[in-house]
Ligand SMILES: NC(=O)c1ccc[n+]([C@@H]2O[C@H](COP(=O)([O-])OP(=O)(O)OC[C@H]3O[C@@H](n4cnc5c(N)ncnc54)[C@H](O)[C@@H]3O)[C@@H](O)[C@H]2O)c1
């Protein structure tokens, strides 16, 4: 018997996250300098713009085209095609025809491996564009300009891109690290309140598992966050982005189960169940509410901590008793998540102390779902007294 050949390799990736305003203004040198530093003469670019953003900021697609076709940049960098405006939101991750159209554009324009794919939009559009970038010629260079609170604070920094398959959320997933990320605050100015609120859920999640002090800050500023106070939102995004980067920066061996999956088993199922009617951040908020309530019942998360999480969710305007919870089949959701997530669930015995467990008691979790549905969510002491309060609620019904 001959000894087997061995191979070991490490995949290194390094990227910068910039914070700016008016990235496509000729007066702002950031994008120009970044592209020139990482391009050769005649490098091609393809820009994909989120249709929701383009509609809300009508001059944007024209500004982007002008930015690349006039001035110094045009001598070194060539748009292969006019900016492609694609309908954003979850629907763009469901549509294989869209994927096909994008590949067709790149093939027809002979876009080569050295090209930059520049994606401007929400987390869903960034996922679609990232998937295309990662799979075309084995990987184009990817520049992300996230345009939502959620994407600037978390999704835009991730190393993967996912698409849905036949109603299964994020079933197709690939490694798609960005070459750079530019967070432009001016994009957020047209974001509807619902999207802004949904985006806070990912910041809350990283705060709960990684930095109780950040959670206290979010709690203290909850009313400013709910109002959409610009400075409070940008401060939150910067801190969330820093924490996400720290976590994804850990070597795979040290990373272990991903604490950012708190609430994810329920969020995934609820997004699939509602076919995208419940937005990603809203589903994450419901998942957090359930796992926090369960952690209080089963793992000793204190009542003041539990109550504070619910006060924050309610102040932000999340519907913690959303009717979609009535369709949450706990055993099925837990089983589906095992396929997707790889065996562990994340719970929270204390703020900043995530714990990976291999089993969640489906009966206790189903009672937590019942409690959210049937107990007045503002009656937090009752919510925490789960069993007794559920009994009272049933007697009243
Ligand atoms: N790749 C990852 O690791 C990762 C991580 C977290 C989330 N995600 C994905 O991110 C998606 C959610 O992203 P999201 O919360 O950014 O929402 P989204 O991308 O679904 O966008 C929400 C809506 O806002 C519109 N929009 C975007 N920017 C706008 C702006 N500035 N002004 C006005 N309208 C605007 C979009 O067109 C869309 O209609 C989910 O599909 C989720 O799975 C991916």
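The values are calculated or read from the model by the stated rules, or taken from the named source; none is laboratory data. Just so you know, these numbers come straight off a predicted model, no measurement behind them. FYI the Cβ positions are ideal-geometry reconstructions off the backbone, even for glycines, and counts take in every protein chain you see.
Among the conditions (1) under 22 Å from residue 18 (Cα atoms); (2) at pLDDT 95 or above, residue 85 misses just one, which is (1).
Scanning the range 182-193 for residues that are assigned to a helix (DSSP H, G or I) and either within 27 Å of residue 28 (Cα to Cα) or within 9 Å of the ligand (Cβ to nearest atom) (or both) returns 185, 186, 187, 188, 189, 190.
Just a yes or no: is a residue in the range 61-81 within 25 Å of residue 268 (Cα to Cα) and touching a residue at least 12 places away in the same chain (Cβ under 8 Å)? I'd like the intermediate steps shown before the answer.
Step one: list which residues in the range 61-81 are within 25 Å of residue 268 (Cα to Cα), which gives none.
Scanning the range 61-81, I find no residue that is within 25 Å of residue 268 (Cα to Cα) and touching a residue at least 12 places away in the same chain (Cβ under 8 Å), so the answer is no.
Note on the range 13-103: enclosed helices (runs of 4 or more DSSP H) holding 2 or more residues that are away from the ligand (no atom under 16 Å from the Cβ) and in the same structural domain as residue 137 (by TED's automatic domain parsing) are 30-37, 60-69, 73-76.
For residue 343, are the conditions met, namely being assigned to a loop (DSSP other than H, G, I, E, B) and at pLDDT below 80? Yes; evaluated as a whole, the condition is true for this residue.
Of everything in the range 151-169 that is part of a strand (DSSP E or B) and in contact with a strand residue (DSSP E or B) (Cβ under 7 Å, 6 or more places away or on another chain), the residue that is farthest from residue 95 (Cα to Cα) is 160.
Inside the range 112-136, residues that are under 14 Å from residue 93 (Cβ atoms) and either more than 13 Å from the ligand (Cβ to nearest atom) or in a strand (DSSP E or B) (or both) make up a count of 3. Screening the range 274-302 for residues that are within 17 Å of residue 264 (Cα to Cα) and in contact with a strand residue (DSSP E or B) (Cβ under 7 Å, 6 or more places away or on another chain) and picking the one that is surrounded by the most Cβ atoms within 10 Å (Cβ to Cβ) gives 291.
Select, from 153, 139, the only residue that is closer than 22 Å to residue 14 by Cβ and in contact (Cβ under 8 Å) with a residue 60 or more places away in the chain.
Working: 139 fails: in contact (Cβ under 8 Å) with a residue 60 or more places away in the chain.
Exactly one residue qualifies, and that residue is 153.
Does any residue of the range 137-148 turn out to be part of a helix (DSSP H, G or I) and over 18 Å from the mean Cα position of the chain (by Cα)? Spell out how you get there, then give the answer.
In the first step, residues of the range 137-148 are kept if they are part of a helix (DSSP H, G or I); the result is 137-138.
Now narrow it down to the ones that are over 18 Å from the mean Cα position of the chain (by Cα): 137-138.
Yes, the conditions are met somewhere in the range 137-148.
If you go through the range 322-335 and keep only what is crowded, with 17+ Cβ neighbours inside 10 Å and under 20 Å from residue 201 (Cβ atoms), you end up with 322, 324, 325, 328, 333.
Close Cβ contacts (under 6 Å, 6 or more residues apart or on different chains) running from residues in the range 185-198 that are more than 14 Å from residue 156 (Cβ to Cβ) to residues that are within 6 Å of the ligand (Cβ to nearest atom) and assigned to a helix (DSSP H, G or I) comprise 190/56; 198/281.
Table: residues versus (1) buried (at least 18 other Cβ atoms within 10 Å of the Cβ); (2) within 11 Å of the ligand (Cβ to nearest atom); (3) assigned by TED's automatic domain parsing to the domain that holds residue 281.
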{"position": "157", "(1), (2), (3)": "yes, yes, no"}
{"position": "163", "(1), (2), (3)": "yes, yes, no"}
{"position": "172", "(1), (2), (3)": "no, no, no"}
{"position": "180", "(1), (2), (3)": "yes, no, no"}
{"position": "195", "(1), (2), (3)": "yes, yes, no"}
{"position": "200", "(1), (2), (3)": "yes, yes, no"}
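Could you tell me whether any residue of the range 301-308 is outside any loop (DSSP other than H, G, I, E, B) and within 15 Å of the ligand (Cβ to nearest atom)? Looking through the range 301-308, none of the residues is outside any loop (DSSP other than H, G, I, E, B) and within 15 Å of the ligand (Cβ to nearest atom).
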